[in-house]
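Everything on this sheet refers to the single structure shown next.
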Amino acid sequence: MASKTTDTAPNQHLLTIEGLSVSNITKLLDLADSYATHNRDIGTKQSLLSGCTQINLFFESSTRTRTSFELAGKRLGADTINMSVEGSAIKKGETLIDTAMTLNAMQPDVLVVRHPESGAAALLAQKVDCSVINAGDGTHAHPTQALLDALTIRRRKGQLQGLVVAICGDILNSRVARSNIQLLTTMGAQVRVIAPPTLLPASVDRLGVELHHDMRLGLNNCDIVMMLRLQTERMHGTFVPSVREYYHFYGLDYDKLSSAKSDALIMHPGPMNRGVEIDTAVADDIDRSLIREQVEMGVAVRMACLDLLTRESRTQDGKQ
Ligand code: NCD
């Protein structure tokens with residue numbers, strides 16, 4: 001977790017996975033794991049963040065991420081407020097910084113930000129006095145998604161070290177892929193990316209991953225198959241000849257999956273486009289698909305992030 005020091009208090013932010021150590025990640029996952037168990041077995045609301053204000057500021061649409069941040073805050077007893085662009089003064093021409101400064105004046109403890117521009121969360125973190133959590137900025141980073149994916153894998157496979165994880169599809173436009181590559185390689189997993197050449201970033205060879213253009217070869221002997229949506233909202237122009245052809249070569253069906261290990265598990269951050277990057281039967285396979293579990297782990301991971309990031313300010317403000 002990156003930290004910054006202001007005149008008032010040192011703030012902790014979660015803006016990217018980059019720079020997090022094995023022990024930072026392990027500590028977060030261990031705490032999230034205990035929240036996951038608590039949510040399943042006990043499920044009661046806690047008062048840890050009582051008196052804390054969490055503002056979810058979403059400039060892009062979201063189902064899973066926004067809802068799970070809201071639920072995570074509420075389960076910990078925070079006052080959670082949701083702001084979306086539709087209902088905000090952004091529609092009246094206010095800039096990102098002006099909106100942030102307005103919200104800052106209300107003295108929140110945490111600002112959760114999703115924005116279509118890469119770097120927006122880091123910019124806000126420089127301007128406000130509270131902790132900032134990046135809930136996805138452009139094609140840059142989505143750290144809590146990578147953490148929830150890691151928790152989901154760890155709970156099923158016991159560890160991340162040594163696993164072969166294939167991330168398949170639109171890598172170019174995916175903040176999920178970038179954050180996952182950073183986290184998984186840090187934790188000692190072997191990461192492969194499988195995509196058509198048009199959907200790979202130019203700098204992909206610097207990411208420490210194995211590169212494949214053929215699904216069957218890329219999936220050979222892997223433990224985890226992580227599928228990604230074609231993020232057409234970030235594409236300027238046409239990147240695949242047709243959806244039908246894309247599905248033929250890159251859509252995950254049982255035939256392609258047979259190249260992976262027999263106990264390989266399937267993941268997808270959602271939203272899914274069935275029949276484009278994944279076959280419905282594979283997505284819904286209760287023995288192989290972790291997609292619903294990923295959503296469940298999303299709440300636990302976000303509880304852990306909110307808990308850790310506000311620890312210092314809660315102690316200072318006597319909110320604990
Ligand atoms: C992802 C995102 O927003 O980057 N979704 C998510 O957070 N669950 C992936 C996507 O939109 O395809």
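The values are calculated or read from the model by the stated rules, or taken from the named source; none is laboratory data. From a predicted model like this one, the values you see are computed outputs, not experimental measurements. Reconstructed Cβ throughout: ideal geometry from the backbone, glycine too, with neighbour counts over all protein chains shown. These area figures cover heavy atoms from the full protein model, side chains too; ligands, DNA and RNA do not enter into them. Shrake-Rupley method; radii C 1.70, N 1.55, O 1.52, S 1.80 Å.
Annotations
- Going by accessible surface with a 1.4 Å probe and the largest first, V132, V209 read V209, V132.
- Taking region 176-203 and a reference point 7 angstrom along Cα→Cβ of L211, the backbone N atoms nearer than 20 Å belong to 176-186, 190-203.
- Placing dummy labels 7 Å off each Cα toward the beta-carbon, the span from S47 to R292 is 3.5 nm.
- Note on region 176-320: Cα Rg divided by 2.2 N^0.38 Å, N the number of residues, gives 1.23.
- Exposure of E233 as accessible area (Å², to 10), given a probe of 1.4 Å and all protein chains: 110 Å²
- Restraint check, K45/K256; K27/K74; K127/K157; K27/K261; K74/K157; K74/K127, Cα-Cα greater than 32 Å: K45/K256; K127/K157
- Protein accessible area in region 118-239, 1.4 Å probe - carbon and sulfur %: 47 percent
- Region 18-109: relative contact order in percent, alpha carbon pairs under 8 Å with at least 6 residues between: 29 percent
- Residues of region 265-309 with an amide N closer than 11 Å to a point placed 7 Å from the Cα of T26 along the Cα-to-Cβ direction: none.
- Ranking by accessible area, most exposed first, for S203, S47 with a 1.4 Å probe: S47, S203
- Two-site label geometry, Q161 and T315: point separation in nm, points 7 Å out along Cα→Cβ: 2.9 nm
- Rounded to 5, the percent of DSSP beta bridges in the chain classed as antiparallel: 10 percent
- Spacing of the modelled spin labels on S84 and D129, each 7 Å from Cα toward Cβ, amounts to 3.1 nm.
- Only helices reaching 18 angstrom along their own axis (Cα) with mean Kyte-Doolittle hydropathy no lower than 1.6 count here, and not one DSSP H run of the chain does.
- Solvent exposure of region 204-320 as accessible area per residue, Å², 1.4 Å probe: 49 Å²
- Per-residue SASA entry for D33, accessible area with 1.4 Å probe, Å² rounded to 10: 40 Å²
- Helix content alone sets the calculated 222 nm mean residue ellipticity of the chain: runs of n ≥ 4 DSSP H residues at -39500 (n - 2.57) each, divided across all residues, give -12000 deg cm²/dmol.
- Of all the options I224, I42, I153, the one that moves most in a Gaussian network model of the chain with Cα springs shorter than 10 angstrom is I42.
- For the set F59, F249, F69, F239, solvent exposure ranked by accessible area (probe 1.4 Å, protein chains only) runs largest to smallest as F249, F239, F59, F69.
- Choice from S242, S84, S174 with maximal GNM fluctuation in the chain (Cα, 10 Å cutoff): S242
- Working from Cα pairs under 8 Å separated by at least six residues, relative contact order for the chain is 21 percent.
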